[in-house]
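> Handing you a structure now.
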Amino acid sequence: MARISLDCTDSLPGIPLSVLSVPMENKYKCQQCLQVLRKPVQAQCGHRFCVHCFKQLTSSGPKPCEACHQEDIFEESISILNSNEAFPDNAAGREIASLPARCLNQGCSWTGSIKEYEAQHEGRCEFERVQCDACKNFILRTEKDRHAERECEARTLNCKYCKATFNFKDIKAHDEICQKFPLQCKDCGKKKIPREKFNDHIKSCVKSKSACPFSEVGCKAVNALENIVCVLNREVERSSVTLEAFSHQHRLDQDKIENLSNKVRQLERTLTMRDLQLAETEQQLRELQFCTYDGIFVWKISDFSRRRQDAVAGRTPAMFSPAFYSSKYGYKMCLRLYLNGDGTGRGTHLSLFFVVMRGKCDALLKWPFSQKVTLMLLDQNNREHIIDAFRPDVSSTSFQRPISEMNIASGCPLFCPLAKLAGKSSYLRDDTIFIKAIVDLTGL
């Protein structure tokens with residue numbers, strides 16, 4: 001059973017229903033977002049969810065399946081959404097990938113399959129209206145570069161005097177504090193004096209002193225006190241403007257820090273998504289490693305004590321084996337094991353069941369499934385294996401051609417008394433047991 005990691009929070013919900021060019025079948029709908037399934041996973045109750053929706057639903061732990069409640073098929077032991085019991089529904093994923101799709105953006109005539117839409121067109125359409133990161137307005141993707149360079153009111157510029165970086169809308173505020181900004185002396189008329197040197201110029205400017213108020217009647221004296229007061233008033237005004245500009249610049253810097261923090265968090269989510277994808281790939285490789293194609297399957301279950309404690313506590317009452325086949329193009333099957341028993345065997349026996357799964361070549365096979373099945377708990381001393389065998393009841397739905405990912409399990413609720421695994425049991429060594437399944441291939 002593939003484990004669905006919940007570490008990642010950065011994934012996409014379902015594909016909008018209107019992307020499909022044909023009416024959508026209910027089996028392709030996510031039970032949570034009600035959109036077309038994206039990277040579908042199947043819970044143990046059989047309902048499907050987008051991996052994004054399933055991770056959100058189970059982020060705080062196992063939850064009852066609302067779809068089972070709505071369909072009035074809720075079963076206490078099965079209708080629980082648990083990341084440990086869900087697996088990627090690759091069959092449904094391939095069916096959805098082949099469905100016809102179209103682009104929803106006005107003016108775009110693109111058509112193709114859902115697979116091509118996700119891989120080649122989604123997020124790349126020239127007719128898509130995207131949001132500018134700076135001003136938050138929506139523009140056509142093809143106009144994004146020109147907008148960012150010439151039109152955006154919040155675009156970033158470099159001061160031509162001090163080379164500092166700021167937004168276009170803040171150009172006036174920056175000019176008020178830029179130490180390289182050129183000023184003109186009102187007394188002597190000199191231009192292009194950098195602000196950082198302007199005070200020194202005022203102190204040395206020979207025309208900075210004001211004339212006596214009685215100069216019109218011939219007084220040539222200079223009123224130094226009036227000149228000092230005038231200079232001080234100008235400095236107070238400049239200081240007020242500078243303080244306001246610095247306060248505004250501080251707010252801008254705080255916004256910039258927040259934006260950078262958001263980018264860091266986004267990068268962390270992207271890395272977590274990559275880890276999830278890598279884990280899913282590794283799980284697929286492990287499944288291929290244990291797969292057999294001759295109807296004979298040996299299932300090694302290690303860490304038995306911890307797994308049984310989880311079963312007794314109800315955290316993981318059942319576990320599924322990897323899939324195996326009767327032949328390369330034959331029946332697809334797996335085993336389901338209850339380490340604390342199920343039904344009449346609960347608390348006293350190991351319960352072992354055989355499950356017929358939906359395979360790629362079911363249309364070519366004989367149905368119902370009627371091959372003899374032998375289930376064994378192997379004695380690791382190779383002396384006395386515990387064996388049970390049965391022939392399928394061909395009238396049971398468990399052995400008809402599967403219409404969902406897997407049929408209802410059928411097998412042995414009283415397969416092995418738990419007492420046989422106590423003490424120095426030859427069936428349990430190094431905290432590991434081995435279960436073997438043999439499907440009689442006669443007549444195939």
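> Which GluC sites (Glu not before Pro) in the stretch 1-104 sit in a loop by DSSP (not H, G, I, E or B) and have at most 16 other Cβ atoms within 10 Å of their own Cβ?
When the GluC sites (Glu not before Pro) of the stretch 1-104 are filtered for loop state and at most 16 Cβ neighbours within 10 Å, 25, 71, 75, 76 remain.
> Using a Gaussian network model on the chain with a 10 Å cutoff between Cα atoms, which of 341, 411, 107 fluctuates the most?
107
> Excluding same-chain residues fewer than 8 positions from residue 372, which lysines have a Cα within less than 18 Å of its Cα?
332, 436
> Then there's this: Which value in nm describes the separation of the simple spin-label points at residue 248 and residue 431, placed 7 Å from the Cα toward the beta carbon?
Taking the simple label geometry, residue 248 and residue 431 are separated by 6.7 nm.
> Which whole-number percentage describes the relative contact order of the chain, with Cα contacts under 8 Å and a sequence gap of 6 or more?
11
> P(r) for the chain: what percent of alpha-carbon pairs falls in each 10 Å bin, starting at zero?
Histogramming the chain at 10 Å steps yields 4, 14, 19, 16, 11, 9, 8, 7, 5, 4, 3, 1, 0, 0 percent.
> Apply the a/c threshold of 1.5 to the C-alpha gyration tensor of the stretch 348-444 and tell me whether it is rounded, prolate or oblate.
It comes out prolate by the Cα gyration axes.
> Mind ranking 428-440, 265-277, 176-188 by how tightly packed they are, going by the mean number of other C-beta atoms within 10 angstrom, highest first?
Output ranking for 428-440, 265-277, 176-188: 428-440, 176-188, 265-277.
Read the figures in this text as sums done on the coordinates, not as results from a lab. The shown structure was predicted, so the numbers you read here are calculated from the model rather than taken from an experiment. Quick reminder, even Gly has a Cβ in these numbers, built from the backbone with ideal geometry, and neighbours come from all protein chains shown.
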